[in-house]
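Here is the structure we will look at, set down as structure tokens.
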Amino acid sequence: MSRNDATVPVRPDPALPSGKGLAAGTLGLFGSTVIGLASTAPVYSLAATLGFVVLAVGAQAPVVFVIAFIPMLLVAFAYRELNRDIPDCGTTFTWATKAFGPWVGWMGGWGVAVVGIVVLGNLAQIGGIYFWLLVAPELAENELIVTVAGWCSSC
């Protein structure tokens, strides 16, 4: 029985290009830096909630964060395994399109994009406020300065 026989499922070799994703060498230092900075949204979320968690649970805050990290780690492992068999797994557009059709997939993909823009704008404001509270607390009340600092942090 040959490897290309229709009755034998063949997994694609991960070393070979599959036509999906970026070509090798596409991202340089600048592009990689932009992607790295764009993935700091969880840090903004942590900064926005850390004080409240410490107020609620006190010295147990590190344990709470470690316990909260475990499900996220397991989800990351699950997506890694799914992506080996089904590229683009977990993306709203791909899965909603497969389940409900292209219109729902398109709306879901744009919904994620719009929510990302709105949320990251708000998180940039939080970053700007925290920056000025750290450096010069009297400037944290100035909306223009906070906005500029938040804008600079998201660039």
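Okay, here's what the table says:
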{"read-out": "Area projected by the alpha carbon convex hull of the range 40-90, averaged over all directions, nm²", "value": "4.2 nm²"}
{"read-out": "Peptides ranked, highest mean first, by Cβ atoms within 10 Å: ranges 132-144, 62-74", "value": "132-144, 62-74"}
{"read-out": "Förster-model FRET efficiency, 30 Å R0, residue 68 and residue 117, C-beta, rounded to 0.05", "value": "0.70"}
{"read-out": "Cα-based convex hull volume of the range 92-155 per residue, rounded to whole Å³", "value": "80 Å³"}
{"read-out": "The range 46-155: Cα Rg divided by the 2.2 N^0.38 Å rule of thumb", "value": "1.46"}
{"read-out": "In sequence order, calculated HN-Hα J values of the range 70-86 (Karplus, 6.51, -1.76, 1.60; Hz; x Gly/Pro)", "value": "4, x, 5, 5, 5, 5, 4, 5, 5, 5, 4, 5, 5, 5, 5, 9, 10"}
{"read-out": "Computed lengthening from residue 50 to residue 30, 0.36 nm per intervening residue step minus Cα-Cα distance", "value": "4.1 nm"}
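Bear in mind these aren't lab numbers, they're just calculated from the coordinates by the rules spelled out. Here the structure is a predicted model, which is why all the values come from computation and not from measurement. Quick reminder, even Gly has a Cβ in these numbers, built from the backbone with ideal geometry, and neighbours come from all protein chains shown.
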